Amino acid sequence: MPGTYDFEDLILKLSTPFYICLIGLEIFLTHKTHREDLAERPAYSLKDTLMNAALMLLNGGVDLLFRAAYVGVLIWFYNFSLVGPITNPYLYWLALFLAEDLAFYTLHYVDHHSRLFWAVHVTHHSSEHFNLTTGFRSSVFQPLYRFVYFIPLALVGFNPADIIVMYSITQIYGIIVHTEYVGKLGWLEYIFVTPSHHRVHHASNVQYLDKNMGMCLIVWDRLFGTFQEELPAEPPRYGLTKPMGQQGLTDTVFHEWKAIGDDFKQPVDFKTKLKYLFKAPGWSPDGSRETSKDLQRKLAVASPPTADHGPSTADFGQAVDREFTS
């Protein structure tokens, strides 16, 4: 699909200076803004930004090496598509956008609710900073399985080349919502994922865990019950609920895999080991750990939601026994 590569190359050439300008503006605003105006939210750090760049390059390398395989799989399914492609080009691209955004929502939901996939995705959430470069903090091994969620699109007549191009385009939007310098956007908050929504997604506050999974559209979260508004009384705290000890590249990528390995060493049967692998992060056979749903149920009991603000974690306590954030 040489035309696809050419178009992706064009997207890269156009988006790179766009990103550089936005990041430069955000760094300028960071240094011009009084720290008290940003509360306790950390700004840029050189180490964190370099980590984000390294994870992006690793992800891109894995994607490049595996591309022939996953494109081949998508083409194979496309050849057996159940229906013909939509002939109207405007309707075709709109339908592809909607279908692919829903596919990404599903992928993202599974990444947060199955520990096997969370072990891959956790790298994107491990930073305690939240800025535009955080959008490049990629889940390194996600290209090895992401294409599976696009197989249904090929089966209903969407060309694999178009699927790949659409993903590249929507990724641009997915990156620019990683900022603290854009407030709420009025009626757009009901349709699109906004920076406010995505701040919630990256927060480790208990009521924010596993919320706002969409890439471009927030309607999926509103439909499927994973929506959470950013609350004025509950500023987001970024990073994992259990902070990482070491923050080198190897630890950032593999720390959850090491934790899974430790659980596999426990004297439990094979079925329990599989549950450690596939059930939600925080699951344990004896209930000694807590998943996000366990924590949120406990919070709801401790601090019933009010009409204006919802439950608060202020008096709930933040000592949790699992390495998870949303």
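Read-outs throughout are calculated quantities, based only on the coordinates presented, and are distinct from any laboratory measurement. Predicted model, so just to flag it, every value in this text is computed and none were measured. Ideal geometry is used to build each Cβ from the backbone, glycine not excepted, and the neighbour counts take in all protein chains shown.
Taking amide hydrogens as modeled 1.01 Å from N in the peptide plane, which residues meet the under 5 Å criterion relative to Tyr238, leaving out close sequence neighbours?
Correct list: Ser204.
So which helices of the chain fit the span-like rule, where a helix is a whole DSSP H run, its Cα atoms reach 24 Å or more along the axis, and its mean Kyte-Doolittle is at least 0.5? List each step's numbers first, then the result.
Values: long enough: 2-32 (45 Å, 0.55); 46-78 (44 Å, 1.10); 89-113 (36 Å, 0.38); 160-176 (25 Å, 1.28).
Helices meeting the criterion: 2-32, 46-78, 160-176.
Val182 versus Cys21, label points 7 Å from Cα toward the beta carbon: distance in nm?
1.5
Of the candidates Ala119, Ala302, Ala103, which one comes out as most mobile in a Gaussian network treatment of the chain with C-alpha springs shorter than 10 Å?
Residue with maximal mean-square fluctuation among Ala119, Ala302, Ala103: Ala302.
Between beta-carbons, use under 15 Å as the cut-off and find the net charge around Ile163, counting Lys and Arg +1, Asp and Glu -1.
Values: positive: Arg67, Arg146; negative: Glu8, Asp63, Glu100, Asp101, Asp162.
So the surrounding residues net to -3.
Short version: ³J(HN,Hα) in whole Hz for each residue of the stretch 139-154, in order, from phi by Karplus 6.51 cos²θ - 1.76 cosθ + 1.60 (θ = phi - 60°), x for Gly and Pro, what are they?
Karplus values, whole Hz, x for Gly and Pro: 7, 4, 9, 4, x, 6, 9, 4, 4, 4, 6, 9, 4, x, 5, 5.
Mind checking the stretch 177-216 for trypsin sites (Lys or Arg not before Pro) that DSSP puts in a loop (not H, G, I, E or B) and that have at most 13 other Cβ atoms within 10 Å? Show your work: numbers first, answer last.
Details: sites: Lys184, Arg199, Lys211; in loops: Lys184, Lys211.
Answer in residue order: Lys184.
Before rounding to the nearest 500, sum -39500 (n - 2.57) across all DSSP H runs of length at least 4 in the chain and divide by the residue total; then give [θ] at 222 nm in deg cm²/dmol. Spell out each step's value before the answer.
On the way: 11 runs with 172 residues, N = 326.
Mean residue ellipticity at 222 nm (helix-derived): -17500 deg cm²/dmol.
In terms of the Cα gyration tensor, with a ≥ b ≥ c the square roots of its eigenvalues, is the stretch 99-226 rounded because a/c is under 1.5, prolate because a/b exceeds b/c, or oblate? Show your work: numbers first, answer last.
On the way: a/c = 1.57, a/b = 1.30, b/c = 1.21.
It is prolate, given that a/c is not under 1.5 and a/b is the larger ratio.
Which far-off residues, 5 or more places away or on another chain, put their amide H under 5 Å from the one on Leu217, with H placed in the peptide plane?
Sorted by chain and number, the residues that satisfy this are Val193.
Could you give the size of the charge dipole of the chain about its Cα centre, using +1 on the Cβ of each K and R and -1 on the Cβ of each D and E, expressed in debye and rounded to the nearest 20?
On the way: 26 positive and 33 negative charges, 115 e Å.
That gives a dipole near 560 debye.
Scan around Asp210 for amide H atoms under 5 Å from its own, H built in the peptide plane at 1.01 Å from N, and keep only partners 5 or more places away or cross-chain.
Distant-sequence amide H within range of Asp210: Ser326.
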